[in-house]
Amino acid sequence: MFDACPKLEYNPLQFLARIFSLVTRLRFFQLGFAIIAFALLAFTPALAAPVIASRVAAKQSPISTLEIASSQTTFLAMTPGISTPAPPGRLIVSAENGGAWNIFAVDPNQHTWRKLAANIAPARDPAISPDGRTLAFRSKRDGTWDIYTLSTAGNNLARLTRGMIYSGAPVWSPDGKRIAFESYARGDLDVWVMNADGTQAIDLTDSEKAHDYAPAWSPDGKWLAFVSWRTGTKQIFIVAADCKSACKATNLSQNKSDDHEPTWSPDGTKLAFVSDRDGQRAIYVAEVEGRNAIAPQLKNARRVTFSGWDDSPAWSPDGKWIAFVSVRPTRQPIYIVAADGSGIPRLVENGPTFATSVTWSAAGIAGAGEYANGNALYKEQPDLAPASTGHPYELRRITTIRLNSGLSKVSGRVADSLLALQTRIKQEVGYDFLAIVSDLLRPVEYKCDNTCDTLSWHKSGRAVDTRLDYSDARGIGGLEVVREDQLGETYWRMYLKTAAQDGTQGEPLKDAPWDFSYRARWIVSQGEGGTRKPVPYGFYVDYTELARQYGWERISSADSEDLDWKTNKLGAEYWHYQKTQNLTWYLAMREVYSEAELKALADWNALARAGYGSYVLFLKDIPMPPAAWRWNVLGP
């Protein structure tokens, strides 16, 4: 439907382009040229090389760019290089690879990855027993999410939970005799404890109807820290691990911010956790005061990561390091940072681009299978255009997706992935959510107002706007969106409620959705674009994650003077997904239109007069006129 100018993931050329635009507008061209040239040569040659190389290839031939691999965006604040001694042991990582979730053992120094549960998928939430011999995890191999154990040698698979609808997040007791986990067995998420063989399961938090989840066992075996929504925000609570009934939990967080994902230091004196108390989602470390008292407290919390959105902290066996997932709009790699926050975090390389959780094992675990990157979810078979058209690919009409009005076409380069995503969504949620969409292809001559972009990816046939809302036949809402602020931009994660609510589809929602209602936007939280709603019960599928697996990425919300999502819901853009395959906008257009067909639309001077900034035209790769020669300093 609507499509504001999309925000791009940060790279040095984009930053320098903005600086260059500002400097030239101030007419200090010579000074600006010198500063930018020096910065490019002295500070960013390694960072800019992939971007420039891509642009060189793109200028040589539009078709040659089609095989360019996904470039890795390197962030200045995350440059590799932590000091010795090297982190010990092995990382145990849950990550998506080729559409399947699996568990990997990772050498944090050699950057080698091997599968631990090679023949079991999906497998998530790994936890290694204290003796390093057994892996506990959750899997849906038997129809619902349940807890399983598997020897690290790859045999002796055992299912521990049955008939509990959903079970996940296992964690071992220090003596290896019991396992704590989260379960939806009684209509909401609760923290449970059972013997390591699956017997004598006890619900420790059954007295509360708010979600309680993500348990973490203290090294002395006395306490279980966990996350709860009891206060209306995510808070870290603690409960006695040996409690049998009427268990009393104590709030360790005691603040209005979200605190979650707790994990104990090896000596039991500290907790690492995730919090947004400074306005960004980061890893914190706090002392646990009064561990032997009735009501312990967190003291002296300090922030140890600063990359914008960090998750899933895990202590090294010696307590000197913390591994974590660093979330980005298009990737989620693992980093390691010193536990005191000193130094620069180091990237754990050579693995899948999307990790969701990490833990640490003292033992050197070999793993049962090699890691191989790839995507077997679909096969793209592009629709080639006749040579006489002046462009390499055709637009394809989509017959299984309906528009109320508009053109049901997409680029023949991405059509198969969209159709495969439609089939996958139908399988996962139990209905055809993509049977009707808000927008697909826009005509080249389509003109926009301030709520959309004339240089939209919709015109290239590489964008789709889903329905903005969805209700089932009974009128019950089935679409929720969760706000995620990353790198100074606001993104949205879309969830679809499943048709089956018996645990065979989806999983419980743990984050509070956003309320875009008129009351929320203009009465409760005027000027803030709405507010959070209570976490709903039931089972949901992460549409955003599934779309990503097929190459369809979300964009950030508009926040300009002309269109700000906080005052105009049309700027939220949570419904917009696009597949760029690392092409610039103009090269994507040239795939399906001839140069002559784009001449009127992609005129640099006309677009500049219409209000487009020079740096935007540069990033869109609009052909430059001679008067714009200064921008060639940032490209070939």
Matching residues, the range 462-498, being in contact with a helix residue (DSSP H, G or I) (Cβ under 6 Å, 6 or more places away or on another chain) and not hydrophobic (A, V, I, L, M, F, W, C): ARG462, ARG493, THR498
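A quick yes/no check of all residues on (1) under 27 Å from PRO88 (Cβ atoms); (2) buried (at least 19 other Cβ atoms within 10 Å of the Cβ); (3) among the hydrophobic types (A, V, I, L, M, F, W, C):
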site	(1), (2), (3)
THR134	yes, yes, no
PHE137	yes, yes, yes
THR144	no, yes, no
GLY154	yes, no, no
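Taking the condition in contact (Cβ under 8 Å) with a residue 24 or more places away in the chain and open to solvent by 20 Å² or more (accessible area, probe 1.4 Å), does LYS620 pass? Don't jump to the end; show me each part of the working.
Values: in contact (Cβ under 8 Å) with a residue 24 or more places away in the chain: yes; open to solvent by 20 Å² or more (accessible area, probe 1.4 Å): no.
Considered against the rule, which asks whether it is in contact (Cβ under 8 Å) with a residue 24 or more places away in the chain and open to solvent by 20 Å² or more (accessible area, probe 1.4 Å), LYS620 comes out as no.
From the list ALA314, ALA301, exactly one residue is surrounded by 21 or more Cβ atoms within 10 Å (Cβ to Cβ), at negative phi and either at pLDDT 95 or above or assigned to a strand (DSSP E or B) (or both). Which is it?
On the way: ALA301 fails: surrounded by 21 or more Cβ atoms within 10 Å (Cβ to Cβ).
On inspection, the qualifying residue turns out to be ALA314.
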Test: residue in the range 582-596 that is surrounded by fewer than 22 Cβ atoms within 10 Å (Cβ to Cβ), within 30 Å of ARG413 (Cβ to Cβ), more than 28 Å from the chain's Cα centre (by Cα) and not hydroxyl-bearing (Ser, Thr, Tyr): yes
Positions within the range 157-190 being among the polar types (S, T, N, Q) and closer than 21 Å to CYS247 by Cα, in sequence order: SER167, SER173, SER183
Count of the range 114-126 residues which are open to solvent by 10 Å² or more (accessible area, probe 1.4 Å), modelled with pLDDT of 90 or more and touching a Leu at 6+ places or on another chain (Cβ under 9 Å): 1
Among residues of the range 317-337, those that are outside any strand (DSSP E or B), more than 16 Å from PHE273 (Cα to Cα) and out of contact with any Leu (no Cβ under 9 Å at 6 or more places or on another chain), counted: 4
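Looking only at the range 559-578, which residues are open to solvent by 10 Å² or more (accessible area, probe 1.4 Å) and either over 16 Å from ASP449 (Cα atoms) or assigned to a loop (DSSP other than H, G, I, E, B) (or both)?
So the first thing to find is which residues in the range 559-578 are open to solvent by 10 Å² or more (accessible area, probe 1.4 Å), and the list is 559-562, 564, 566-570, 574, 578.
Matches in the range 559-578: SER560, GLU561, ASP562, LYS566, THR567, ASN568, TYR574, GLN578.
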Within the range 428-484, considering residues that are polar (S, T, N, Q), over 30 Å from ALA512 (Cβ atoms) and not in a helix (DSSP H, G or I), the one modelled with the lowest pLDDT: ASN450
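Of everything in the range 191-202, what is outside any loop (DSSP other than H, G, I, E, B) and under 16 Å from THR144 (Cβ atoms)? Give them in sequence order. Can you show your working first?
Taking the range 191-202 and keeping what is outside any loop (DSSP other than H, G, I, E, B), we get 191-195, 202.
The answer is TRP192, and nothing else.
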Test: residue in the range 331-338 that is surrounded by fewer than 18 Cβ atoms within 10 Å (Cβ to Cβ) and closer than 22 Å to ARG124 by Cβ: yes
The range 175-204 - residue that is out of contact with any Leu (no Cβ under 6 Å at 6 or more places or on another chain) and at positive phi and, of those, surrounded by the most Cβ atoms within 10 Å (Cβ to Cβ): GLY176
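The values are calculated or read from the model by the stated rules, or taken from the named source; none is laboratory data. These figures come from a predicted structure and were not determined experimentally. Ideal geometry is used to build each Cβ from the backbone, glycine not excepted, and the neighbour counts take in all protein chains shown. Heavy atoms of the whole protein, side chains included, go into the accessibility calculation; ligands, DNA and RNA do not. Shrake-Rupley method; radii C 1.70, N 1.55, O 1.52, S 1.80 Å.
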